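Following: one structure in structure tokens, then a few remarks.
The values are calculated or read from the model by the stated rules, or taken from the named source; none is laboratory data. The structure presented is a predicted model; accordingly, all values stated were derived computationally and were not measured. Using ideal geometry, Cβ is built from the backbone for each residue, glycine included, and neighbour counts are taken over all protein chains shown.
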Amino acid sequence: MIEELLARNKTWSKERRAEQADYFERLSNLQEPEYLWIGCSDSRVPANVIAGLEPGEVFVHRNVSNLIHPADLNMLSVVEFAINQLPVKHIIICGHYGCGGVRAAVSGKRFGLIDHWLQPIRDVAETRFECKDCGTWSDTDLDRLCEASVAAQVQRLARTPILQAAWKAGKDISIHGWVYGLHDGLLSDLECTVTGA
Ligand code: CO
């Protein structure tokens, strides 16, 4: 029931205040995150929860399969704000194993608009793997494709004019590629960090 969510919110708010009387007063005056998280929309991968961060500690953008499209005004606006108005120093692009978008991208089936959105994954599949869109990927191969896609998105974000300009201006910003395991709740660094132009 939808009303249940409002009731749970009341309980949550009450519990926070019980733990710390000025919890919300403190938070409302403080948005100084050092991290920007670009993750998948998947409901099982909530940035704050899995990274153990409190409200106010991470700025978040999520889309299907954590992709970087160079003309995505939503994503670019978030990145620009994070870099120019917030003290963000680390941008984390985080994929996850078992991602439905990654699977759909190379399933050999067509679903509509989402096929256009997922094109960067097929591009990675074409250049890095033998099978592009044959629908016969094993779970292990899909996990490797997921990792390769994250690394490719790190490169795509690094090439955007926003990041190039930030680095040229001497800003200290790193872009990291991570992947999350639904089966064990663990984050792994794919070691494809880009620092500077
Ligand atoms: Co996903």
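Scanning segment 159-193 for residues that are among the polar types (S, T, N, Q) and without any contact (Cβ under 8 Å) to a residue 12 or more places away in the chain yields a single hit, Ser188. Mind checking whether some residue in segment 81-103 is without any contact (Cβ under 8 Å) to a residue 24 or more places away in the chain and either under 17 Å from His176 (Cα atoms) or crowded, with 17+ Cβ neighbours inside 10 Å (or both)? No, segment 81-103 contains no residue that is without any contact (Cβ under 8 Å) to a residue 24 or more places away in the chain and either under 17 Å from His176 (Cα atoms) or crowded, with 17+ Cβ neighbours inside 10 Å (or both).
Screening segment 60-80 for residues that are of a type outside the set (Val, Ile, Thr) and over 22 Å from Ala148 (Cβ atoms) and picking the one that is nearest to the ligand (Cβ to nearest atom) gives Asn74. The condition of being assigned to a helix (DSSP H, G or I), of a type outside the set (Gly, Ala, Ser), free of Cβ contacts under 8 Å to residues at least 40 places away in the same chain and within 23 Å of Ile162 (Cα to Cα) holds for Asn74.
The number of residues in segment 163-197 being under 28 Å from Val49 (Cβ atoms) and hydrophobic (A, V, I, L, M, F, W, C) comes to 11.
Answer yes or no: is there a residue in segment 48-59 that is at pLDDT 95 or above, under 11 Å from the mean Cα position of the chain (by Cα) and within 16 Å of the ligand (Cβ to nearest atom). No; the residues of segment 48-59 include none that is at pLDDT 95 or above, under 11 Å from the mean Cα position of the chain (by Cα) and within 16 Å of the ligand (Cβ to nearest atom). Selection of segment 104-113 for residues being touching a residue at least 24 places away in the same chain (Cβ under 8 Å), away from the ligand (no atom under 12 Å from the Cβ) and touching a helix residue (DSSP H, G or I) at 6+ places or on another chain (Cβ under 8 Å) yields only Val106. Could you please let me know if Ser65 is in contact (Cβ under 8 Å) with a residue 60 or more places away in the chain, assigned to a loop (DSSP other than H, G, I, E, B) and hydroxyl-bearing (Ser, Thr, Tyr)? So Ser65 fits the description; yes.
The residues listed here are Leu6, Leu36; of these, the one that is modelled with pLDDT of 95 or more, over 23 Å from Phe111 (Cβ atoms), more than 16 Å from the ligand (Cβ to nearest atom) and touching a helix residue (DSSP H, G or I) at 6+ places or on another chain (Cβ under 6 Å) is Leu36. Restricting attention to segment 46-75 and to residues that are aliphatic (A, V, I, L, M) and farther than 22 Å from Asp115 by Cβ, the residue that is surrounded by the most Cβ atoms within 10 Å (Cβ to Cβ) turns out to be Ala47.
Evaluation of Trp117 against the conditions (1) within 14 Å of the ligand (Cβ to nearest atom); (2) in contact with a strand residue (DSSP E or B) (Cβ under 9 Å, 6 or more places away or on another chain); (3) closer than 26 Å to Gly185 by Cβ shows that the sole unmet condition is (3). The condition of being modelled with pLDDT under 95, within 25 Å of Glu34 (Cβ to Cβ) and of a type in the set (A, V, I, L, M) holds for only one of Ala197, Ala166, Ala151, that being Ala197.
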